[in-house]
Every structure is written in C-alpha cells, then in structure tokens.
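K.L.:
Please see the structure below; I have some questions.
None of the figures in this text is laboratory data; all of them are computed from the coordinates on show. Everything quoted here is computed from the prediction, not taken from an experiment. Here the Cβ positions follow ideal geometry from the backbone for every residue, glycine too, while neighbour counts run over all protein chains shown.
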Amino acid sequence: MKVLRALSTTVGSKFLVALTGLLLVGFLIGHLAGNLLILLGGDKFNAYGHALITNPLVVPAELALMALLLVHMGKAIAHVLRGRSARPEAYAKKSWAGGPSRKSWASTTMALSGIFLLAFLIVHIATFKFGPYYASTEAGVRDLQRLVVEIFKNPLYAAGYVVAMGIVGLHLRHGVSSAFQSLGLMTNGVWTARLLNFGLLLAVIIAGGFALIPVWVYLFL
C-alpha cells in the first residue's frame, strides 16, 4: 500500500512515466530492427513475422505492452492535470524561458504528439496486424512483405507514415531526456549533456529508421 501511495504522488507519477517510457523505447528499438529486415528481402522479413506470430509468448508480450502504454498515458495525463490544477489560470503571455532552460517545441507539444501517436498506433495495428492475409510461397507463412509493399506503394500513405515518424522523433526528442531527468540521472553537468545528446541521437535513429522503410518500399520494391 505504501508503494502504491508513493507512486500516486507527483514524484511517483513522473517516475512511472519515465520508466514505462524507456521500456516502450526499448520495444521500438526491437521492433525497428525486425522491420528493417524488409530491406534484406521478403523471405527474411516474412520469416521474422512468422516467428513472432507463432511464438507462444507473443500474446503475453502484447498484453504487457498494452499495460505499459496504459500506465504511461494514464500517469502522463494525471501529471498534466495535476499541474494545471496547481495553476488554474493560464499565463497571460507565453514565451521561451531561454538560458539553461530545455523548453522546446518538442516539450510544449508532448500532449498533442502523444494523442496523435495513440491514434496512429490504432490505425497502424488495424492496417498491418489485421490487414489482408496473403499466403507466401512457404506453406503456413503470411506474406507480410506483399502487404507492406501494397500499402506503401500508395504515395499518400507512405508520405503520411514519414510525417508520423517525424512526430515520433519529436516526442522522443524530449521524452527520452525527460525520462533520464525524472530517474535522477542528470545530476552531473557532463552526464547531463551526454544524456541529452544520446536522447536526440536515439530519437533520430528510431524515427529515421522507421521513416526509411516506406521510402525504400516506394522507390525500390
């Protein structure tokens, strides 16, 4: 009970948002590594997809990811609402803090980018996980490459996906460094700079890696 009460405080909420956020980033890295197999050919990509689908741990893993996402979103929303209740009147004029402040466009749009990414996630799952089933030349294996190519050959969908990945990068740009700060890892000036740079690099790699896929499919497949 004491743990639950601690996690319901402002500090506890920030800790949970940070921890679940970093775990979700870890999932994105693994997901990106698997999706990039499409650059190596349909056989490798389909084999990866088949291995995931037939893995008995896939359902527990999906449930765990859903729980992480719900906790992350719920605590983030609670933190925003708690901040607004503490300051019921909005600022008459908003301006950049300047100086050592890390306030940026990414930090001020976290709520909006989070809502957008939730909507994108729903569309993404409906499109790829529950999209048309095409059988590959290997018996019992779904031809996921055909589905991906079919979708990303649509220039509007491909362009929209690239834009969505830009918003992913924007969200990660602030989210990763903010998570490190909430976990108390930014107490040293040198390490603060390093972690900020690492967060930016991670955001660019993840967003850029996912954005590469529709571009590659549209131009070369």
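K.L.:
Run the count for the chain, please: Lys pairs, Cα-Cα under 28 angstrom, 8 or more apart or on different chains.
P.N.:
So the count of such lysine pairs works out to 15.
K.L.:
How much length is gained on full extension from Leu39 to Ser107, taking 0.36 nm per residue of separation minus their Cα-Cα distance?
P.N.:
Numbers: separation 68, 0.36 × 68 = 24.48 nm, distance 3.32 nm.
Additional length available on full extension: 21.2 nm.
K.L.:
Just order 181-187, 130-136, 32-38 by mean Cβ neighbour count inside 10 Å, highest at the front, would you?
P.N.:
On the way: 181-187: 14.3, 130-136: 12.0, 32-38: 16.6.
Top to bottom by mean Cβ count within 10 Å: 32-38, 181-187, 130-136.
K.L.:
Then there's this: How much net charge surrounds Tyr134 when only other residues with a Cβ under 9 Å from its Cβ are counted (Lys, Arg +1; Asp, Glu -1)? Before the final figure, lay out each step's value.
P.N.:
Working: positive: Arg142, Arg146; negative: Asp143, Glu150.
Net charge in that neighbourhood comes out at 0.
K.L.:
For Arg194 and Tyr133, compute 0.36 nm times the residue count separating them, minus their Cα-Cα distance, and round to one decimal in nm.
P.N.:
On the way: separation 61, 0.36 × 61 = 21.96 nm, distance 4.50 nm.
That pair, Arg194 and Tyr133, stretches by 17.5 nm at full extension.
K.L.:
Can you give the FRET efficiency to the nearest 0.05 for Asn154 and Ile122, using r as the Cβ-Cβ distance and R₀ = 22 Å? If you can, show how the numbers build up before the last one.
P.N.:
On the way: r = 19 Å, r/R0 = 0.85.
The computed FRET efficiency comes out at 0.75.
K.L.:
Once you charge only the Cβ atoms, +1 for Lys and Arg and -1 for Asp and Glu, what is the size of the charge dipole of the chain about its Cα centre, to the nearest 20 debye?
P.N.:
Numbers: 18 positive and 6 negative charges, 225 e Å.
Around 1080 debye, computed over the chain.
K.L.:
Beyond 22 Å, what share of the Cα-Cα pairs of the chain remains, rounded to the nearest whole percent? Each step should come with its number before you reach the end.
P.N.:
Numbers: 14183 of 24310 pairs.
Tail of the P(r) past 22 Å holds 58 percent of the pairs.
K.L.:
Also, quick follow-up: Using the per-residue mean of other Cβ atoms lying within 10 Å as a proxy for protection, in what order, highest first, do the peptides 45-51, 155-161 fall? Display every interim value, and only then the final one.
P.N.:
Numbers: 45-51: 18.1, 155-161: 15.0.
The densest-packed peptide leads the list: 45-51, 155-161.
K.L.:
Would you mind putting 144-151, 73-80, 122-129 in packing order, based on average other-beta-carbon counts within 10 Å, highest first? Mind showing how you got there, number by number?
P.N.:
Values: 144-151: 18.5, 73-80: 16.4, 122-129: 12.1.
Most protected by this proxy first, the peptides run 144-151, 73-80, 122-129.
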